[in-house]
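Working notes, structure below.
Readers should treat all values here as calculations from the given coordinates under stated rules, not as data from a laboratory. The structure displayed is predicted, hence computed values, not measured ones. So basically every Cβ, Gly included, is an ideal-geometry build from the backbone, and we count neighbours across all protein chains shown.
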Amino acid sequence: MGIRIANLEDTPQLMELFDGSLRNMAALQPWQWRGVPQKADFVQAAILDPNGMLYVWEENGRLLGMVSLFWKEQEESAIRFPCRYVDLDTLYVRPEAKGRGIGTTLYQAACQWAKAQGADRMELMTLGENRNARAFYGKMGMQEQQVILTTFLK
């Protein structure tokens with residue numbers, strides 16, 4: 001079938017996809033992330049958020065990937081310019097479906113949606129250890145703008 005907008009009937013499968021993303025994060029940074037199952041209300045809130053969009057990739061009734069997005073406004077301040085941007089919150093493709101262009105198609109849909117919202121930019125945060133994600137987003141044309149450094153005290 002391909003790409004489409006998520007709906008509430010997708011909740012059980014979207015919970016699996018969000019869980020897969022969180023498990024990846026927990027595997028890379030076990031001191032920070034818990035690989036706990038996502039709750040239905042979290043997923044449904046993402047589907048229904050008026051400032052967001054959730055696209056899925058479906059084949060034969062099974063969701064193989066998803067991208068969740070939220071537009072945000074940055075207020076003007078003494079040190080910052082105002083802007084409207086889109087936060088790419090989660091892009092996840094099931095391991096068995098990787099390498100087929102699903103992630104690229106979802107990313108391109110995210111860019112189109114961001115442009116349609118009048119966004120100045122689209123941004124995301126990924127873990128420094130997530131080399132695969134960083135390589136993928138680099139191929140999509142994203143550039144590092146900030147780096148967070150950490151000193152562990154315990």
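Side notes on the structure shown:
- Candidates ILE47, ILE102, ILE79: whichever shows maximal mean-square fluctuation once the chain is modelled as a Gaussian network with Cα springs under 10 Å: ILE79
- Note, ³J(HN,Hα) from phi for the stretch 14-24, Karplus 6.51, -1.76, 1.60, rounded to Hz, x at Gly and Pro: 5, 4, 4, 5, 4, 4, x, 4, 5, 4, 4
- Alpha-carbon Debye profile of the stretch 40-103, log10 I(q)/I(0) at 0.15, 0.23 Å⁻¹: -0.60, -0.98
- Here, the stretch 73-154 has an Rg and a Dmax of 15.2, 48 Å when only alpha carbons are counted.
- For the chain, share of DSSP beta bridges that run antiparallel, in % to the nearest 5: 90
- Computed over the stretch 1-108: relative contact order in percent, which uses C-alpha pairs under 8 Å that are six or more apart: 26
- For the chain, the equivalent ellipsoid derived from the alpha-carbon gyration tensor has semi-axes of 24, 21, 16 Å in decreasing order.
- Förster radius 41 Å - calculated FRET efficiency between CYS111 and TRP31 (Cβ-Cβ, nearest 0.05): 0.80
- Prolate/oblate/rounded label for the stretch 15-67 (Cα gyration tensor, a/c 1.5): oblate
- Eligible aspartates and glutamates near LYS139 by straight Cα distance, threshold 15 Å, same-chain separation 8 or greater: GLU123
- The label point for GLU129 and the one for ARG84, both projected 7 Å from the Cα toward the Cβ, are 3.8 nm apart.
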